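Have a look at the structure below before the remarks.
The values are calculated or read from the model by the stated rules, or taken from the named source; none is laboratory data. Every value quoted in this text rests on a predicted model; they were computed, and no experiment measured them. For neighbour counting, all protein chains shown are included, and Cβ atoms are generated from backbone atoms with ideal geometry for every residue, glycine included. Side chains included, ligands, DNA and RNA excluded: accessible areas come from the protein's heavy atoms. Shrake-Rupley method; radii C 1.70, N 1.55, O 1.52, S 1.80 Å.
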Amino acid sequence: DVLSYLRAQQKSTDTYRAESIMDYWVEDERVKGVVLILGKRGAKVRFNALNPTGEMVAVDLACDGDQFHFVDTNNNCVLWGPCNENSIAQLLRVSLAPDDFMLLALGSTPLIPHLTGTLKWNGARGLEELVLLGKNGEVQTIALKGTSGEWKVISSQVKDSTGKVDWTLTNKNFKTVKDAAGKQYILPGKTRFQQPKYKADLIVTWKERKLGIELADKKFHLELPSGLPECR
(Lines give C-alpha, C1' and ligand atoms only; values in the text may rest on other atoms or scores of the structure.)
Protein backbone atom coordinates (compact mmCIF):
# COMPACT_ATOMS: atom_id res chain seq x y z
CA ASP A 1 0.00 0.00 0.00
CA VAL A 2 2.81 2.43 0.86
CA LEU A 3 4.68 1.65 -2.36
CA SER A 4 1.49 2.15 -4.34
CA TYR A 5 1.03 5.54 -2.67
CA LEU A 6 4.61 6.59 -3.49
CA ARG A 7 4.30 5.50 -7.12
CA ALA A 8 1.01 7.34 -7.50
CA GLN A 9 2.57 10.44 -5.92
CA GLN A 10 5.43 10.29 -8.41
CA LYS A 11 2.97 10.27 -11.33
CA SER A 12 0.62 12.89 -9.90
CA THR A 13 1.86 15.69 -12.17
CA ASP A 14 3.87 15.95 -15.37
CA THR A 15 5.22 19.50 -15.06
CA TYR A 16 6.48 21.99 -12.52
CA ARG A 17 8.08 25.41 -12.30
CA ALA A 18 10.07 26.43 -9.24
CA GLU A 19 12.12 29.22 -7.76
CA SER A 20 14.68 28.04 -5.25
CA ILE A 21 17.77 28.95 -3.30
CA MET A 22 20.40 26.27 -3.81
CA ASP A 23 23.48 25.69 -1.69
CA TYR A 24 26.07 23.32 -3.16
CA TRP A 25 29.77 22.59 -3.65
CA VAL A 26 31.74 23.62 -6.73
CA GLU A 27 35.16 22.01 -6.29
CA ASP A 28 36.31 23.34 -2.89
CA GLU A 29 33.98 26.33 -2.82
CA ARG A 30 30.47 26.49 -1.37
CA VAL A 31 28.06 28.32 -3.69
CA LYS A 32 24.65 29.67 -2.74
CA GLY A 33 22.24 31.44 -5.04
CA VAL A 34 18.86 31.66 -6.74
CA VAL A 35 18.13 28.90 -9.27
CA LEU A 36 15.00 28.91 -11.44
CA ILE A 37 13.77 25.49 -12.60
CA LEU A 38 11.39 24.11 -15.20
CA GLY A 39 10.63 20.38 -15.31
CA LYS A 40 8.59 18.06 -17.50
CA ARG A 41 8.32 14.30 -17.32
CA GLY A 42 10.42 12.58 -19.97
CA ALA A 43 13.88 13.83 -18.90
CA LYS A 44 13.13 17.48 -19.65
CA VAL A 45 14.55 20.03 -17.23
CA ARG A 46 15.86 23.60 -17.41
CA PHE A 47 18.00 25.37 -14.79
CA ASN A 48 18.81 29.08 -14.72
CA ALA A 49 21.35 29.88 -12.00
CA LEU A 50 21.26 33.63 -11.42
CA ASN A 51 24.33 35.75 -10.85
CA PRO A 52 24.53 36.80 -7.15
CA THR A 53 25.27 40.39 -8.18
CA GLY A 54 22.01 40.71 -10.12
CA GLU A 55 19.30 38.79 -11.93
CA MET A 56 21.34 37.95 -15.02
CA VAL A 57 21.63 34.22 -15.82
CA ALA A 58 25.12 33.00 -14.89
CA VAL A 59 24.58 29.36 -15.90
CA ASP A 60 21.93 27.92 -18.22
CA LEU A 61 21.40 24.15 -18.39
CA ALA A 62 18.76 22.47 -20.53
CA CYS A 63 17.88 18.79 -21.00
CA ASP A 64 15.43 18.18 -23.85
CA GLY A 65 14.87 14.48 -23.13
CA ASP A 66 17.72 13.40 -25.40
CA GLN A 67 20.63 15.87 -25.18
CA PHE A 68 21.77 18.45 -22.64
CA HIS A 69 23.26 21.85 -23.44
CA PHE A 70 25.09 23.99 -20.91
CA VAL A 71 26.23 27.61 -21.10
CA ASP A 72 28.47 29.08 -18.39
CA THR A 73 28.25 32.84 -18.94
CA ASN A 74 30.68 33.69 -16.13
CA ASN A 75 33.45 31.58 -17.67
CA ASN A 76 32.38 31.98 -21.32
CA CYS A 77 32.28 28.26 -22.09
CA VAL A 78 29.79 25.58 -23.16
CA LEU A 79 29.12 21.85 -22.72
CA TRP A 80 26.83 19.31 -24.37
CA GLY A 81 26.15 15.58 -24.32
CA PRO A 82 23.56 12.88 -23.59
CA CYS A 83 20.76 13.79 -21.20
CA ASN A 84 21.26 11.39 -18.27
CA GLU A 85 22.15 11.32 -14.56
CA ASN A 86 25.41 13.18 -15.27
CA SER A 87 23.73 16.17 -16.94
CA ILE A 88 22.55 17.85 -13.73
CA ALA A 89 25.98 17.19 -12.22
CA GLN A 90 27.44 19.76 -14.65
CA LEU A 91 25.77 22.45 -12.54
CA LEU A 92 24.87 21.04 -9.12
CA ARG A 93 27.56 18.33 -8.79
CA VAL A 94 25.00 15.66 -7.82
CA SER A 95 24.49 12.68 -10.12
CA LEU A 96 20.72 12.58 -10.48
CA ALA A 97 18.52 11.77 -13.48
CA PRO A 98 16.26 14.64 -14.63
CA ASP A 99 13.06 12.74 -13.77
CA ASP A 100 14.52 11.86 -10.36
CA PHE A 101 15.14 15.56 -9.70
CA MET A 102 11.43 16.04 -10.42
CA LEU A 103 10.73 13.61 -7.56
CA LEU A 104 12.68 15.89 -5.22
CA ALA A 105 10.48 18.81 -6.25
CA LEU A 106 7.41 16.67 -5.48
CA GLY A 107 8.72 15.64 -2.07
CA SER A 108 9.11 12.02 -3.15
CA THR A 109 12.14 9.76 -3.58
CA PRO A 110 13.71 7.62 -6.29
CA LEU A 111 13.05 3.92 -5.66
CA ILE A 112 15.61 1.18 -6.30
CA PRO A 113 14.60 -1.93 -8.26
CA HIS A 114 13.91 -4.36 -5.45
CA LEU A 115 13.09 -7.98 -4.68
CA THR A 116 11.40 -7.56 -1.29
CA GLY A 117 10.11 -4.82 0.98
CA THR A 118 9.18 -4.59 4.63
CA LEU A 119 7.43 -1.91 6.68
CA LYS A 120 8.26 -1.45 10.33
CA TRP A 121 7.70 1.12 13.07
CA ASN A 122 10.75 3.00 14.37
CA GLY A 123 9.66 4.05 17.84
CA ALA A 124 12.81 6.11 18.47
CA ARG A 125 12.05 8.34 15.47
CA GLY A 126 8.27 8.07 15.63
CA LEU A 127 8.22 7.11 11.94
CA GLU A 128 7.38 4.17 9.72
CA GLU A 129 10.37 2.76 7.82
CA LEU A 130 10.00 1.10 4.44
CA VAL A 131 13.05 -1.11 3.74
CA LEU A 132 13.64 -2.31 0.16
CA LEU A 133 16.18 -5.03 -0.67
CA GLY A 134 17.67 -4.54 -4.13
CA LYS A 135 18.59 -7.16 -6.70
CA ASN A 136 22.32 -6.69 -6.12
CA GLY A 137 22.28 -6.51 -2.33
CA GLU A 138 21.69 -2.77 -2.04
CA VAL A 139 19.26 -1.55 0.63
CA GLN A 140 16.99 1.48 0.61
CA THR A 141 15.43 2.76 3.84
CA ILE A 142 12.61 5.30 3.51
CA ALA A 143 11.33 7.01 6.67
CA LEU A 144 7.70 8.17 6.38
CA LYS A 145 5.18 10.03 8.46
CA GLY A 146 1.50 9.38 7.89
CA THR A 147 -0.85 12.38 8.04
CA SER A 148 -4.54 12.36 7.06
CA GLY A 149 -4.16 9.42 4.72
CA GLU A 150 -0.99 10.79 3.10
CA TRP A 151 2.65 9.88 3.55
CA LYS A 152 5.43 12.43 3.89
CA VAL A 153 8.90 11.25 2.87
CA ILE A 154 11.07 12.44 5.78
CA SER A 155 14.24 10.73 4.60
CA SER A 156 15.48 8.15 2.11
CA GLN A 157 18.86 6.45 2.03
CA VAL A 158 20.46 3.88 -0.27
CA LYS A 159 23.42 1.72 0.77
CA ASP A 160 25.32 -0.57 -1.58
CA SER A 161 25.95 -4.28 -0.98
CA THR A 162 28.99 -3.47 1.22
CA GLY A 163 26.99 -1.13 3.47
CA LYS A 164 28.46 2.11 2.10
CA VAL A 165 26.02 5.00 1.68
CA ASP A 166 25.28 5.74 -1.98
CA TRP A 167 23.01 8.72 -1.35
CA THR A 168 20.83 10.28 1.36
CA LEU A 169 17.75 12.46 0.90
CA THR A 170 16.06 14.43 3.69
CA ASN A 171 12.97 16.67 3.66
CA LYS A 172 11.57 19.13 6.20
CA ASN A 173 9.42 22.26 6.61
CA PHE A 174 6.42 20.78 4.79
CA LYS A 175 3.74 23.06 3.36
CA THR A 176 0.58 22.75 1.26
CA VAL A 177 0.79 23.68 -2.44
CA LYS A 178 -2.07 23.66 -4.96
CA ASP A 179 -1.60 22.74 -8.62
CA ALA A 180 -3.19 24.54 -11.57
CA ALA A 181 -6.39 22.51 -11.13
CA GLY A 182 -6.66 23.21 -7.40
CA LYS A 183 -5.42 19.81 -6.20
CA GLN A 184 -3.48 19.99 -2.94
CA TYR A 185 0.01 18.59 -2.38
CA ILE A 186 2.04 18.46 0.83
CA LEU A 187 5.58 19.39 -0.23
CA PRO A 188 8.82 19.99 1.67
CA GLY A 189 10.09 23.53 2.08
CA LYS A 190 13.68 22.30 2.24
CA THR A 191 15.35 19.29 0.61
CA ARG A 192 18.89 17.98 1.07
CA PHE A 193 20.55 15.44 -1.25
CA GLN A 194 24.00 14.04 -0.39
CA GLN A 195 26.30 11.67 -2.31
CA PRO A 196 29.43 10.84 -0.28
CA LYS A 197 31.30 9.13 -3.15
CA TYR A 198 31.18 12.36 -5.16
CA LYS A 199 31.59 14.61 -2.11
CA ALA A 200 28.32 16.16 -3.26
CA ASP A 201 25.93 18.00 -0.96
CA LEU A 202 22.95 19.92 -2.36
CA ILE A 203 20.54 21.90 -0.17
CA VAL A 204 17.41 23.26 -1.88
CA THR A 205 15.16 25.81 -0.19
CA TRP A 206 11.97 25.86 -2.24
CA LYS A 207 10.65 29.41 -2.51
CA GLU A 208 7.82 28.77 -4.97
CA ARG A 209 6.49 25.78 -6.93
CA LYS A 210 3.74 25.64 -9.52
CA LEU A 211 2.54 22.18 -10.58
CA GLY A 212 0.57 20.95 -13.57
CA ILE A 213 1.23 24.01 -15.73
CA GLU A 214 1.54 24.19 -19.52
CA LEU A 215 5.19 23.95 -20.61
CA ALA A 216 6.08 23.83 -24.30
CA ASP A 217 8.93 21.52 -25.31
CA LYS A 218 10.83 24.48 -26.77
CA LYS A 219 11.41 25.68 -23.19
CA PHE A 220 13.89 22.82 -22.82
CA HIS A 221 15.86 23.60 -25.96
CA LEU A 222 18.98 25.75 -25.65
CA GLU A 223 21.04 26.98 -28.59
CA LEU A 224 24.76 27.11 -27.78
CA PRO A 225 26.55 30.35 -28.71
CA SER A 226 29.12 29.83 -31.44
CA GLY A 227 32.83 30.37 -30.90
CA LEU A 228 32.97 29.53 -27.18
CA PRO A 229 35.38 26.85 -25.87
CA GLU A 230 34.28 23.68 -24.11
CA CYS A 231 34.13 24.02 -20.31
CA ARG A 232 36.69 22.08 -18.31
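If R0 is 25 Å, the Cβ-Cβ spacing of L50 and A180 corresponds to a FRET efficiency of close to 0.50. The Cβ shell under 14 Å around V78 holds other residues with a net charge of -3, Lys and Arg each +1, Asp and Glu each -1. The stretch 36-105 and the stretch 107-128 have Cα centres spaced 30 Å apart. Using a simple spin-label model with pseudo-atoms 7 Å out from Cα toward Cβ, E208 and N74 lie 2.4 nm apart.
Under 1.5 on a/c is rounded, so check that first for the stretch 94-230, then, if it is not, pick prolate when a/b is larger than b/c and oblate when it is not; a ≥ b ≥ c are the square roots of the alpha carbon gyration tensor eigenvalues. Oblate shape, in that a/c is at least 1.5 and b/c is the bigger or equal ratio.
The charge dipole of the stretch 1-153, taken about its Cα centre with unit charges on the Cβ atoms of Lys, Arg (+1), Asp and Glu (-1) only, comes to about 500 debye. Here the simple spin-label model places points 7 Å from the Cα toward Cβ, and for Y198 and D160 these points are separated by 1.4 nm. If I compute solvent accessible area with a 1.4 Å probe over the protein chains, what percent of it on the chain is carbon and sulfur? Carbon plus sulfur share of accessible area: 48 percent. Solvent-accessible surface of the chain, taken per residue with a 1.4 Å probe and all protein chains present: 52 Å². Summing charges over all other residues whose Cβ lies under 11 Å from the Cβ of E19, with Lys and Arg as +1 and Asp and Glu as -1, gives +3.
Distance from a point 7 Å along Cα→Cβ of E150 to each backbone N in the stretch 104-132: keep the residues under 15 Å and list them by number. Answer for this model: 105-109.
Averaging the sequence gap over all C-alpha pairs within less than 8 Å and six or more residues apart, then dividing by the number of residues, gives the stretch 19-175 a relative contact order of 11 percent. In loop segments of the stretch 84-162 as defined by DSSP, the trypsin sites (Lys or Arg not before Pro) with at most 11 further C-beta atoms inside 10 Å of their C-beta are K135.
Report, in deg cm²/dmol and to the nearest 500, the calculated mean residue ellipticity at 222 nm for the chain, where each DSSP H run with n ≥ 4 adds -39500 (n - 2.57) and the sum is divided by the residue count. Calculated at 222 nm, the ellipticity per residue is -2500 deg cm²/dmol.
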